[in-house]
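Novice: One structure coming up, written as structure tokens, with questions to follow.
Read the figures in this text as sums done on the coordinates, not as results from a lab. Since the structure is predicted, the reported quantities are computational estimates derived from the model, not experimental observations. For neighbour counting, all protein chains shown are included, and Cβ atoms are generated from backbone atoms with ideal geometry for every residue, glycine included.
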Amino acid sequence: MNHTEKIIREIKEFHTDIEAWFHGEQDQENLYKKLLSGFDTDFKMTSGDGNTLSLDVLSEWLTGVYGQFPDRSIIIENIAVQTTDVHGLASYIEIQTTGSTVTRRKSSAVFLLNDERALWLHLIEKWI
């Protein structure tokens, strides 16, 4: 699998898993470990509201939202990827629907690449 394929797979799998997390449909402990295993320990995220979150803050937030959005759906569109030997930059549109509320965000993510997979290093979300 090439680096572009690793990044696309990571983006799609993460969003499938976070949707399952919101639904509370899978084993919480194993899904929690799987979700966090895709992040580098130095991960940082800038949310659509401009707040910066570390991996520790993200992991704490996850524990509070398990099963809290049983009807939320997530769609990913327009994934574009550029890579070097060790890094990848991806952009995509994320659409979340909960009941009649639809939110859209444009995301840009930097990944660290190794032989096995792509790890999230930095994520920036902007509301659209």
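Novice: Label the chain by shape, choosing from rounded, prolate and oblate, from the square roots a ≥ b ≥ c of the eigenvalues of the Cα gyration tensor; if a/c is under 1.5 it is rounded, and otherwise prolate applies when a/b is larger than b/c, oblate when it is not.
Specialist: Working: a/c = 1.56, a/b = 1.32, b/c = 1.18.
In terms of gyration-tensor shape, prolate.
Novice: So how tilted is helix 55-65 from the main axis of the chain? Cα-based, degrees 0 to 90, rounded to 10.
Specialist: With both axes taken from Cα atoms, the answer is about 30 degrees.
Novice: With the cut-off at 1.5 for a/c, could you classify segment 1-60 from its C-alpha gyration tensor as rounded, prolate or oblate?
Specialist: On the way: a/c = 1.62, a/b = 1.04, b/c = 1.56.
Note, shape of segment 1-60 comes out oblate.
Novice: Which order do MET1, MET45 fall in if you start with the one that has the fewest other Cβ atoms within 10 Å? Please report the intermediate quantities before stating the final value.
Specialist: Values: MET1 11, MET45 19.
By the 10 Å Cβ count, ascending: MET1, MET45.
Novice: Please give me, ordered by residue number, the GluC sites (Glu not before Pro) of segment 59-118 that lie in loop per DSSP and have at most 15 other Cβ atoms within 10 Å.
Specialist: Values: sites: GLU60, GLU77, GLU94, GLU116; in loops: GLU116.
Here the GluC sites (Glu not before Pro) that fit, given the DSSP loop and packing criteria, are GLU116.
Novice: I would also like to ask the following. Calculated from DSSP H runs of 4 or more alone, at -39500 (n - 2.57) each and per residue, what is the 222 nm mean residue ellipticity of the chain, nearest 500?
Specialist: Values: 3 runs with 42 residues, N = 128.
That comes out to -10500 deg cm²/dmol.
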